[in-house]
Amino acid sequence: MTTHNEKKLKILIVASEVIPFAKTGGLADVAGALPKALLHKNPHLEVAVVMPKYRTIPDGKWSLKTRISGLAVPMGMGEVYCDVLEGSTANGRAKVYFIQNHRYFDRDQLYGTSEGDFGDNAERFAFFSKAVLEMLQAIDWIPDILHCNDWQTGLVPLYLKKFYKGNPELKGKYAGVRTLFTIHNLAYQGLFPKWVLPMTGIGWEEFRADRLEFYDQVNYLKSGLVYSDALSTVSDAYAHEIQTPELGNGLDGVLRDRGEDLYGIVNGVDYEDWDPATDKDIPQQYSAHTVEKKEASKKLLLSGQNLPYQEAVPVFGIVSRLSDQKGLDLLAEIIEPFLSMDVRFVVLGTGDQRYHYLLEGMRSRFPDKLGVNFKFDNRLAKLIYAGSDFFLMPSRFEPCGLGQLISLKFGTIPVVRKTGGLADTIEDMSSDGKRGTGFVFENYKSAELLTVLRRAVETFGQPKIWKPLVQRAMTQDFSWDASAEKYLELYRLILGKP
Ligand code: ADP
């Protein structure tokens with residue numbers, strides 16, 4: 001039920017990437033889709049988003065206007081200046097603010113190149129975090145909820161508490177602001193040498209094991225975990241897993257301490273952006289009733305990859321960051337027996353150099369079966385989702401995962417490891433073929449992956465099982481509706497806390 005107070009609820013989503021403006025992974029999808037989903041639930045909310053203004057976001061394309069020029073942001077070594085630009089998202093219903101500082105953000109990449117992270121990331125995102133808080137009084141819009149995301153925004157809750165909430169000069173302006181911190185991936189923590197601390201403006205009294213010190217380094221994510229009013233992560237399973245030493249990345253103790261304030265809310269998919277029935281990027285639109293039209297995408301995908309098309313031969317696809325997390329090492333171990341089967345395999349991704357080499361090597365051994373594409377390409381991604389029969393996600397760990405959810409909608413059957421969000425969203429095919437939406441293996445072992453791949457290929461050859469499976473996949477509902485409601489409930493709960 002919508003209460004009177006909620007009508008006025010003001011929410012600011014703080015994120016380092018947001019679709020459609022900039023994206024390297026699932027965080028951007030979430031930060032871009034959540035405002036729309038929240039407003040769909042309750043049009044009376046005031047929702048805004050703030051992110052850095054990267055070079056890859058042209059002012060003209062998004063009709064950005066300068067809202068504030070020369071905003072002074074006090075950092076450890078003095079004031080640093082930025083402009084605040086304003087645009088919109090969610091069909092104009094949510095404002096998007098961009099923090100513009102040429103030295104920090106006028107770059108082609110968001111966080112680094114394939115050689116490694118930018119050397120000044122500590123400075124860039126400390127500045128971004130402080131600038132967000134300065135911006136609020138400058139634009140005269142103080143939200144009730146600051147919804148921060150991942151390590152890049154980890155200092156926001158700390159800055160808020162230390163420099164804004166109780167600051168008498170600000171006359172209580174920020175006193176009512178509450179913070180939610182969402183972990184999209186605990187493996188990325190924003191770990192920096194302790195000598196960055198003076199630059200942030202944060203005093204050494206914070207450099208303690210129960211605050212942002214982490215093995216003699218500064219940990220931005222930990223700051224988010226310690227200082228926020230509540231925490232969430234992007235699936236129930238991952239919320240439990242990160243409280244264990246296996247997947248806690250050294251922060252499981254902190255997360256157990258905050259266990260009562262930690263919630264799991266699974267990501268949704270924005271079906272306005274991801275739906276084969278309306279997608280203009282694929283050669284033929286299709287739905288669960290017209291699955292046979294999916295074949296046009298398969299043909300186009302394979303011809304673009306110079307791989308031979310045969311109706312009876314299944315196509316496996318991957319669209320992913322190429323990192324340790326995503327199970328590529330597992331795949332490498334069994335690539336030979338896998339590609340010795342009658343299959344085609346198309347990979348799209350960017351990331352660690354060693355996975356580029358590894359995939360290049362595989363391609364030269366299997367030129368008629370494997371296509372590899374080292375780039376970030378939304379159109380090709382769509383074509384892979386639509387044109388593949390299977391989507392491979394053998395992740396070592398997976399906070400939520402969007403690839404498997406998008407695949408379901410495109411009638412592309414996920415082959416996944418039972419971890420995190422993959423465990424929460426994909427049900428293994430039952431032996432009679434009547435239940436399940438994908439193929440799931442349990443342990444991070446290449447032999448298990450190979451077994452499940454064999455099972456997948458066998459099932460593809462059984463039309464009586466295959467077609468209902470594809471239709472079942474396509475009719476799963478992972479829209480944002482339920483998740484947006486859960487975020488709203490959580491915002492209310494945080495505001496109700498003493
Ligand atoms: P993560 O956030 O860990 O990278 P997710 O599965 O949550 O993984 O989200 C990945 C998102 O990024 C999906 O929308 C996927 O389609 C997209 N994506 C990943 N790599 C590429 C790429 N090279 N080109 C286009 N889209 C990509």
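The values are calculated or read from the model by the stated rules, or taken from the named source; none is laboratory data. Every value quoted in this text rests on a predicted model; they were computed, and no experiment measured them. Cβ atoms come from the backbone with ideal geometry, glycine included; neighbour counts cover every protein chain shown. These area figures cover heavy atoms from the full protein model, side chains too; ligands, DNA and RNA do not enter into them. Shrake-Rupley method; radii C 1.70, N 1.55, O 1.52, S 1.80 Å.
Residues being in contact (Cβ under 8 Å) with a residue 60 or more places away in the chain, surrounded by fewer than 19 Cβ atoms within 10 Å (Cβ to Cβ) and in a helix (DSSP H, G or I): count how many of those fall in segment 336-348.
1
Going by what's in this entry, would Leu136 be described as under 24 Å from Gly26 (Cβ atoms) and either under 28 Å from the mean Cα position of the chain (by Cα) or touching a residue at least 40 places away in the same chain (Cβ under 8 Å) (or both)? If you could, list the steps in order and put the result at the bottom.
Values: under 24 Å from Gly26 (Cβ atoms): no; either under 28 Å from the mean Cα position of the chain (by Cα) or touching a residue at least 40 places away in the same chain (Cβ under 8 Å) (or both): yes.
When the stated conditions are applied, Leu136 does not pass them.
Tell me which residues, restricted to segment 286-325, are open to solvent by less than 70 Å² (accessible area, probe 1.4 Å), in contact with a Lys or Arg (Cβ under 7 Å, 6 or more places away or on another chain) and in a loop (DSSP other than H, G, I, E, B).
Across segment 286-325, the qualifying residues are Tyr286, Leu307, Val313.
Here are some conditions: (1) polar (S, T, N, Q); (2) under 28 Å from the mean Cα position of the chain (by Cα); (3) away from the ligand (no atom under 16 Å from the Cβ). Asn373 meets all but one. Which one does it not meet?
Result: Asn373 passes all but (3).
Can you list residue pairs whose Cβ atoms sit under 7 Å apart, with the first residue in segment 382-406 being in contact (Cβ under 8 Å) with a residue 40 or more places away in the chain and the second being of a type in the set (Lys, Arg)? Count only pairs 6 or more apart in sequence or on different chains.
Partner pairs satisfying both residue conditions: Ala386/Lys294; Gly387/Lys298; Pro394/Arg417; Ser395/Lys326; Ser395/Arg417.
Which members of segment 381-395 meet the condition of being more than 7 Å from the ligand (Cβ to nearest atom), of a type in the set (A, V, I, L, M) and assigned to a helix (DSSP H, G or I)? Walk me through it before giving the result.
Let us first name the residues in segment 381-395 that are more than 7 Å from the ligand (Cβ to nearest atom), namely 382-395.
From what's left, of a type in the set (A, V, I, L, M): 383-384, 386, 392-393.
If the condition is that a residue be more than 7 Å from the ligand (Cβ to nearest atom), of a type in the set (A, V, I, L, M) and assigned to a helix (DSSP H, G or I), then Leu383, Ile384, Ala386 are the ones that fit.
Select, from Tyr238, Tyr271, the only residue that is assigned to a helix (DSSP H, G or I), aromatic (Phe, Trp, Tyr) and more than 22 Å from Gln462 (Cα to Cα).
Of the residues listed, the single one that is assigned to a helix (DSSP H, G or I), aromatic (Phe, Trp, Tyr) and more than 22 Å from Gln462 (Cα to Cα) is Tyr238.
For the condition open to solvent by less than 70 Å² (accessible area, probe 1.4 Å), assigned by TED's automatic domain parsing to the domain that holds Gly119 and closer than 26 Å to Phe376 by Cα, what is the one hit in Val49, Val80? Explain how you work it out, then say what you get.
On the way: Val80 fails: closer than 26 Å to Phe376 by Cα.
On inspection, the qualifying residue turns out to be Val49.
Would segment 454-466 turn up any residue that is within 30 Å of the chain's Cα centre (by Cα) and over 30 Å from Ile335 (Cα atoms)?
no
From (1) open to solvent by 30 Å² or more (accessible area, probe 1.4 Å); (2) at pLDDT below 95, pick out the condition that doesn't hold for Gly70.
Exception for Gly70: condition (2).
Considering every residue within segment 326-335, establish whether at least one is outside any helix (DSSP H, G or I) and touching a residue at least 24 places away in the same chain (Cβ under 8 Å).
Checked segment 326-335: at least one residue is outside any helix (DSSP H, G or I) and touching a residue at least 24 places away in the same chain (Cβ under 8 Å).
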